[in-house]
Amino acid sequence: MSKVLLVHAKGGPPLGHVLSRTAAKADVHLLALSALPPAVAGSAGRLCASVVTPADAHHPDLVSLIVARAEAVGADAVLTFSEYAVVAVAEACEALGLKGAGSASALARDKRLMRSTWRQHGLPQPEFRPVDTEADLHAAARALPGPLLLKAAWSAGSTAHQIIRSPHEVPAAWARSRDVMAESARLGFAELHVAEADADYVVERIVTGTASDWFDESGWGDYVSVEGVVTDGVFRPVCLSGRMPTVEPFTERASITPALLSEDAQDRIVDLARRAVDALGLRDCGTHTEIKLGADGGMWLIETAARFGGAMTVPQIEEVFGLDLVGMLVDHLLGRPVAWPERALTPAEARGAAGSLVVLAVDGHGRAWPDRRVWDFGAVAADVPLSRGSRLSVVPESSLPDGSAVPVYDPAAGANTMAALCLLSAADARTVLRDFETLVDALPRVLPAAQPQEVPA
């Protein structure tokens with residue numbers, strides 16, 4: 001049987017989902033660069049031919065570590081689903097002569113390089129400036145019309161985002177972003193290969209999105225993601241996922257598959273995603289391209305990743321369209337034939353709908369809950385009135401244990417302050433959206449109040 005080296009790090013689809021689908025296609029050797037989630041640690045031993053954990057994974061050069069491990073197990077393919085390991089795995093595949101994202105992988109990680117590449121190709125995106133120092137940020141704030149958004153160039157999950165509405169906010173924004181990136185690194189949510197990546201930033205003009213020009217009903221966010229894959233340099237779109245509105249500054253609350261767009265709108269969005277991916281020159285990898293939707297058909301590229309969407313995007317696609325993207329990518333990397341969709345699948349081809357909700361301590365208007373609450377999925381499942389036929393579950397490896405205090409939402413920390421990740425399946429995307437709105441409104445009411453001894457100091 002073929003052998004696959006799977007490199008695990010924080011982020012990406014749930015590891016349990018990835019492991020089971022990969023193990024169905026090949027013998028899996030797991031190189032864990034971060035600790036295995038407790039909910040998966042037991043099954044990893046059963047599903048994998050070998051497991052190397054962080055305690056064993058000491059090496060001054062991550063690429064060399066991956067190459068050495070791949071050679072030791074005789075891997076026929078090496079892959080990762082973590083944003084933070086994409087570049088290292090791509091470079092290791094290049095050294096090993098295996099299929100991978102390719103030498104351009106950094107263009108899909110470093111937001112400065114990504115935006116510069118898109119500018120060279122004349123693709124629509126917000127005005128931006130690379131930022132290395134506080135002085136650079138002051139200069140950018142003078143040159144670009146506000147408001148502005150400061151982003152860490154190698155971050156993910158809306159981490160370290162800071163809105164700058166006037167020049168006098170620059171020092172505080174700069175200091176806060178750097179503090180958040182340092183804390184994220186401590187938690188394991190940081191680039192693993194590029195030295196001092198936490199010092200790289202980009203600032204961009206905030207553009208105004210308009211969901212009402214694209215969706216027939218209210219409640220949708222003003223951006224979507226195009227899920228796809230690149231095989232032998234050819235971009236293959238799979239489907240689109242919609243969103244609920246973000247929580248300030250731009251923290252994602254929910255992803256819903258499929259996005260309820262007209263066929264014409266979907267075609268135009270996919271065309272822009274294709275041009276964005278083609279410009280980056282990726283070779284063999286999953287892709288996840290986010291696009292902001294504006295008035296009168298306007299669009300702006302937000303970012304493209306050289307991996308599948310994180311959270312529950314991949315399981316949602318499998319449930320709604322019957323496509324095992326993990327297994328299909330493994331087959332492709334191993335040189336087996338794969339029947340990819342000939343075009344992006346539409347809502348008309350969906351079998352129901354599925355969505356994932358990030359539990360944050362803010363209401364539907366983005367306001368902080370009035371008091372502290374304790375996460376308790378049993379209370380949520382019992383007391384939140386969902387639509388007939390809707391099914392709600394929690395993703396254990398991406399959630400705090402029941403009885404944990406829900407963190408206070410920190411706009412700068414983004415998804416780092418989530419309490420849980422929930423998956424909802426329903427008859428259609430409209431129902432998922434409405435049930436999520438109900439869920440968001442109900443959470444501060446149905447979750448138990450936190451007692452003083454349950455709130456971390």
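Rounding to the nearest 20 debye, state how big the charge dipole of the chain is about its Cα centre with +1 on each Lys and Arg Cβ and -1 on each Asp and Glu Cβ.
Values: 40 positive and 56 negative charges, 32 e Å.
Charge dipole of the chain: 160 debye, to the nearest 20.
Is the shape of the stretch 127-205 best called rounded, prolate or oblate, per the rule: a/c under 1.5 gives rounded, else a/b larger than b/c gives prolate, else oblate, with a ≥ b ≥ c the square roots of the Cα gyration tensor eigenvalues?
Values: a/c = 2.10, a/b = 1.87, b/c = 1.12.
Prolate shape, in that a/c is at least 1.5 and a/b is the bigger ratio.
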Return Leu400, Leu33 ranked ascending by Cβ neighbour count within 10 Å, so the fewest neighbours appear first.
Leu400, Leu33
Net charge near Ala412: determine it from the other residues with C-beta under 10 Å of the C-beta of Ala412, scoring Lys and Arg +1 and Asp and Glu -1.
-2
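For the chain, return all DSSP H helices satisfying: extent of Cα atoms along own axis at least 24 Å; mean Kyte-Doolittle hydropathy at least -0.5. Let's see the in-between values first.
Working: long enough: 170-187 (26 Å, -0.08); 263-280 (26 Å, -0.38); 429-446 (25 Å, 0.19).
Helices meeting the criterion: 170-187, 263-280, 429-446.
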In deg cm²/dmol, rounded to 500, what helix-only [θ] at 222 nm does the chain give when every DSSP H run of at least 4 residues adds -39500 (n - 2.57) and the total is split over its residues?
-9500 deg cm²/dmol
Within-13-Å neighbourhood charge of Gly219 [Cβ basis; K, R +1; D, E -1]
-2
Step through the residues of the stretch 288-302 one at a time and calculate ³J(HN,Hα) from phi using the Karplus curve (6.51 cos²θ - 1.76 cosθ + 1.60, θ = phi - 60°), rounding each to whole Hz and writing x for Gly and Pro.
8, 10, 9, 9, 7, 9, x, 6, 6, x, x, 9, 9, 6, 9
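Excluding Glu127 itself, calculate the net charge of residues whose Cβ lies under 12 Å from the Cβ of Glu127, where each Lys or Arg counts +1 and each Asp or Glu counts -1. Before the final figure, lay out the partial values.
Values: positive: Arg115, Arg119, Arg129, Arg205; negative: Glu204.
Combined, the nearby Lys, Arg, Asp and Glu give +3.
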If I model a spin label at Asp232 and Ala348 as a point 7 Å from the Cα along the Cα→Cβ vector, what separation in nanometres do I get?
3.1 nm
Can you pull the one-decimal nm distance between simple spin-label points at Ala49 and Ala381, each 7 Å off the Cα toward Cβ?
3.7 nm
Report the Cα centroid-to-centroid distance between the stretch 374-438 and the stretch 88-107 in angstrom, as an integer.
36 Å
Gyration tensor on Cα atoms of the stretch 159-298, a ≥ b ≥ c root eigenvalues, a/c under 1.5 rounded, else prolate if a/b beats b/c, else oblate, says oblate
Rounded, prolate or oblate: which fits the chain, taking a ≥ b ≥ c as square roots of the Cα gyration tensor eigenvalues, rounded meaning a/c under 1.5, else prolate when a/b beats b/c?
rounded
Got a sec to turn the phi values of the stretch 412-424 into Karplus ³J(HN,Hα) couplings, 6.51 cos²θ - 1.76 cosθ + 1.60 with θ = phi - 60°, whole Hz, x for Gly and Pro?
6, 7, x, 5, 4, 9, 6, 9, 7, 10, 10, 10, 10
Considering Cα pairs under 8 angstrom that are at least six residues apart, work out the relative contact order of the chain and quote it in whole percent.
15 percent
With a 10 Å Cβ neighbour count serving as the proxy for reagent exposure, in which order, fewest first, do Leu187, Leu137, Leu79, Leu96 appear?
Leu187, Leu96, Leu137, Leu79
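Tell me, Kirkwood radius of the stretch 61-193 from alpha-carbon pair distances, in Å? Each step should come with its number before you reach the end.
Numbers: mean 1/r = 0.0599 Å⁻¹.
After inverting the pairwise mean of 1/r, the radius is 16.7 Å.
Going by C-beta contacts inside 10 Å, put Val67, Val78 in order with the fewest on the left. Provide the component values of the computation, followed by the final result.
Numbers: Val67 21, Val78 27.
By the 10 Å Cβ count, ascending: Val67, Val78.
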Would you mind checking which residues have amide H under 5 Å from Arg243's amide H? H placed 1.01 Å from N; only 5 or more apart, or other chain.
Gly221, Tyr223, Ile256
Per the Cauchy relation, a quarter of the hull surface: what is the mean projected area of the convex hull of the alpha carbons in the stretch 3-98, in nm²?
5.4 nm²
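Here, each number is a calculation from the coordinates, and none is a lab measurement. Please read these numbers as outputs of a predicted model, since none were measured by experiment. Glycine gets a Cβ as well: all are built from the backbone with ideal geometry, and neighbour counts include every protein chain shown.
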